[in-house]
Structures are given as structure tokens and as C-alpha cells.
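Undergrad: Just dropping this structure here.
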Amino acid sequence: MDFIFILDIPLWLLAITLSMVTSFTACSSDDDSDIPVYSLKDVDGNYSGTMLTESTPVSPLANAEEGEEPAGAGVTAEVKDNQIMIKKLPVNDLIKSIVGEENAGAIIKNLGDINYNIPYTPTFDESKSNILLQLKPEPLDIKYTEPIQVQEEGQEPAENLITVTIEAEKNGVYTYDGKKLAFVIKATGVKVGDVNFPNFPVTTFTFSMVKK
């Protein structure tokens, strides 16, 4: 009896029922595709932006015109494998902080490109609108050749090593809105060779970059 009843359903009613089921399935599929899928790898990519250096002898905020934002030095970086890889890190102002304006020129002239990697551990914030980067900076090594005028006659050019202790007090932040990456690190100590450099002023590097 039941089987006969199903066969007696009007065709127009069966067609409407099937149409409603199909429409519901399609809507559900569309809704699912609109749900954003987040990954901690979203921070990976190539970036460009600026780096501000600030210490006792170097103050970009003080040197900027009234109402003008300090320009900062141009920087590029690649983020992958849980590392921020800064290419050609601008260290001129850092060198000035160590040896002063008068002595910095000769050292800067003898520097090659300085590349610096910062390992990090990523996590989401509560809203999942940002990725937080717990920075774990390692010492920054700067190798330079001693200027000719301070070498003795007939002496081979001496290569010196400056080791800078780098710390990070706060997490870096990648913001989905605008694909921006911002972080701050500080140079808190310096060694020239094996000798601690006295009276080194803490130097702050503020990075502000956008994914390309």
C-alpha cells in the first residue's frame, strides 16, 4: 500500500521538492566557500617598508620637520620557515651609535651587505585578525675591515668583528587588514672582538612593512 502511495505523488509536487533540496544544497555550498580559512603560514611572503633607528646620538623623530613623519631607511625582507630574513640591514646609524659620527664614516665605507635573520614562533590573537610573532633574535654579527689609515705600514688589512646583542620586548604583529608586518627590536650591548664596548646606548629598530 505504501509503495503505491509514493507512486501516486503528483509529478509537479515531486519536482518542487527536488528543486528546494537542490537550492538548499547550493546555498550551503556557497556559504561554506565564504568562510575564510586562516593559516599561520599567511604571514609568509616578501615585504618592503622602512626601519627607524633611534638611540642617544641618533633621533629621527627629533630631526623630522614639524608635523612630518620621519622617513626611515628602506628595507626588504622575506618571511618563511618561521624566520624574518632582512636583506641588507641598514646599520649606518647603529655604527654611529657605537663609535660616534666622526669615526663612523671609515667603518661604514668598509662594510659589506649585512643580512640578518630573526627566528619567531607564530600564534593567532583571539580575533584571528592578526598573527602574533614571538621574536627570538640572535646576536647580530658585523664584520668590517679596519681602515687603511689606522694600520701599520706593511700590515695586512685586519678584519674585525662587532657582535651586537639584540632583544625583543614585544611580539611582532602581522595584520590581515592591509597585509602589514610590524615589529621592534633593540640592540642592548656590543662587543668589539672579545671586548665589551662601554657606555653603549640602547638602540631601537622599528620596522614597518607591507607584503608585496
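All of the numbers you see were taken from the coordinates with simple rules; none came from a lab. These numbers come from a predicted model, not from an experiment. Reconstructed Cβ throughout: ideal geometry from the backbone, glycine too, with neighbour counts over all protein chains shown.
Undergrad: What list of ³J(HN,Hα) values in whole Hz, one per residue of the range 95-107 in order, does the Karplus curve 6.51 cos²θ - 1.76 cosθ + 1.60 (θ = phi - 60°) give from phi, with Gly and Pro shown as x?
TA: With coefficients 6.51, -1.76 and 1.60, one gets 4, 4, 5, 7, 10, x, 4, 5, 8, 6, x, 5, 6 Hz.
Undergrad: Now a separate question. Rounded to the nearest 0.05, what FRET efficiency is calculated for Val192 and Asn115 with R0 set to 25 Å and r the Cβ-Cβ distance?
TA: It comes to 0.75.
Undergrad: Arranged by the count of other C-beta atoms within 10 angstrom, fewest first, what order do Val210, Val99 take?
TA: In increasing order of surrounding Cβ atoms, one gets Val210, Val99.
Undergrad: Then there's this: Just to confirm a number: summing +1 for Lys and Arg and -1 for Asp and Glu over residues other than Gly178 whose beta-carbon lies under 15 angstrom from that of Gly178, what do you get?
TA: For residues surrounding Gly178, the net value is +2.
Undergrad: Listed here are the pairs Lys186/Lys212; Lys128/Lys211; Lys109/Lys170; Lys80/Lys128; Lys143/Lys211; Lys191/Lys211; which of them are more than 28 Å apart at the Cα?
TA: Cα-Cα > 28 Å for Lys109/Lys170; Lys143/Lys211; Lys191/Lys211; rest within.
Undergrad: Quick one: Lys211, Lys136, Lys96, fewest Cβ neighbours within 10 Å first, how do they rank?
TA: Values: Lys211 18, Lys136 13, Lys96 21.
Going from least to most buried by this count: Lys136, Lys211, Lys96.
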